[in-house]
1. Only residues of region 232-247 count here: report those whose backbone N is under 12 Å from the spot 7 Å along Cα→Cβ of residue 499, or say none.
2. Using only the Cα atoms of the chain, what do you get for the radius of gyration and for Dmax, in Å?
3. What spacing in nm lies between the two simple spin-label points modelled at residue 145 and residue 61, each 7 Å away from Cα in the Cβ direction?
4. Please compute the Kirkwood hydrodynamic radius of region 178-318 from all pairs of different C-alpha atoms, in Å with one decimal.
5. Placing +1 at every Lys and Arg Cβ and -1 at every Asp and Glu Cβ, with all other atoms neutral, what dipole size does region 155-280 have around its Cα centre, in debye to the nearest 20?
6. With +1 on each Lys and Arg Cβ and -1 on each Asp and Glu Cβ, how big is the dipole of region 303-521 about its Cα centre, in debye rounded to the nearest 20?
7. At 0.36 nm per residue, minus the direct Cα-Cα distance, what do residue 490 and residue 99 gain on full extension? Give it in nm, one decimal, please.
8. Which of the peptides 427-436, 285-294 is most tightly packed, and how do the rest follow, judged by the mean count of other Cβ atoms within 10 Å per residue?
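Nothing in this text is a laboratory measurement; each read-out follows from the coordinates by a stated rule. Owing to the predicted nature of the structure, the values given are computational and were not obtained by experimental measurement. Every residue, glycine among them, receives a Cβ derived from its backbone with ideal geometry; neighbour counts consider all protein chains shown.
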Amino acid sequence: MATRRVSTGAAVAAAGLAWLVVLADPSHAQSPTSMQVAQQENITTSAASGVRQADREVRQKKPSKPRDFKARSGAGKLELTWEKPSRGGKVTYEERHCLKSKSNWSTVKRTSSQSMTVKGLRKGEYKFKIRASNAKGPGDWTKLTARSYKPTLPVVAIATKGRKAVKSKDEYLDASMKIKPNGTNTKKIIGDLEIRGRGNYTWTRPKKPYKLKLAEKSKLLGMPASKHWALLANWADPSQLRTSAAMFLGEQTQLAWTPKTRHVEVQLNGKYLGLYQLAETVRIEENRVNIDEMSPSDTDPTAITGGYLLEQDGRRELNQEFGFASTLGQDIVVKNPEPDAKDGISEQDLEPQLSYIRDYVNAFEASLPSGYAQYIDTRSFIDWYLVEEMVRNPDSDFASNFMYKPRSRLLFAGPLWDFDIAVAQRESERNTTGWYLRDKSPWYSQLFTSPAFASDAGKAWAEAAPGFRKVGPHLKKIDAEIKQARKSNTQRWPEMKPESTDRVDFLTQWLNERTDWMGANL
């Protein structure tokens, strides 16, 4: 059988692949000659040399544009990131910027990395451009626009480990935090913490609320020391004043504790998130709800009487939370004691405590309207009611309504919480006349049929009303402090643009008229 020879020209035309084809054909079993091997080696070397030459030619061209150019807006700064150009070999980068309304570009900044922090920016929208350069010269610019925010309030800057996004309301992420005074009379704080999401409706909105758990108890912005804090996004309240109004009213009553809040501007992983309220959270602590904390072993006749922290929440079943439905249909979540898988505490372990507090609440409901005094602390139930009714809070008969029962004592109402849809935020609740909670609540609708309860409510109102009338000046002071930060918040979240019903003058007038009507009708 004749040996099949490979044409050199054919081999070159096939870019060195012809010999491989021959070897792959089982009909050709004869080994190649030394000349054929030499020919193949020359072909392969020539092809590889051609590839290297082509690669050098590509690399020696000017680079293409940097890819995936992004800006992360911060307070007075922006973090720029980009990907390497698809062409250009070893490159360095040049950056320039200017206000969007101007054309006076900054001097060139150079870097060999694929990120840069631009500091010292004024508040406003900026144009940024970046390009790559190599030995052949610079390539074309790639551009974007981004906004810089100039904070006017204390800044809470949080960075999660590995800059992971906060996506869960259940799982904490490790993080660090800096609270920068930013020219205000507050103390700088640096420390570690954990962060997760929180809230119900607001958690589904673009601007998220967060729960913070500090590594150590700390006083934040003049508030008593604790590990546990919340960042309230106030998505439904563009005025950012409604929670402040309600908490001020609470402080004019005899409620044992009303959560304190401070307005701050927040950065998360270098990104500006806008105006928030840093708030004390509702929990059993010495400086908050100061009652005994229970365990499954608290079952003797005295220990089982408290302390309990409860919340009326119409989403109890939806959220699958530990608790019960009362005889009158009130959904009650038992916040403490509660099951805890980490501590090995199951719902079954807490069945004695659940049975006790369920029976207690049901007995209170059965006592209405005249026997309530043996079950509830009347003054706290009146004070809590006065604030909720005053601001016509649509949540007051549905959710975020806390109660607590100290050991061997009665059931108390409070503390106050969740007012972002109060004070005429909803169009349906803008009347300053008429009862809201008294008509809707199965408890208060019966309590106010008791002459004794109604009389006590009138007396409590007379004591609190002078303080209630000071809410206007209080709100105007806060409004002036947060004015610029609220504008930045609106620029960051255009959906939160304030309307006429979010202006401090409207809120003040509404509250004054509501005070007048309630004073005349209690």
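1. What the label zone holds, given the 12 Å backbone N cut-off, is 237-239.
2. My reading of the Cα-based Rg and Dmax gives 34.1, 122 Å.
3. 3.2 nm
4. 17.2 Å is the Kirkwood radius here.
5. In total the dipole reaches around 340 debye.
6. Working: 26 positive and 34 negative charges, 183 e Å.
Computed about the Cα centre, the dipole is about 880 debye.
7. Working: separation 391, 0.36 × 391 = 140.76 nm, distance 1.93 nm.
Additional length available on full extension: 138.8 nm.
8. Working: 427-436: 13.1, 285-294: 17.1.
The densest-packed peptide leads the list: 285-294, 427-436.
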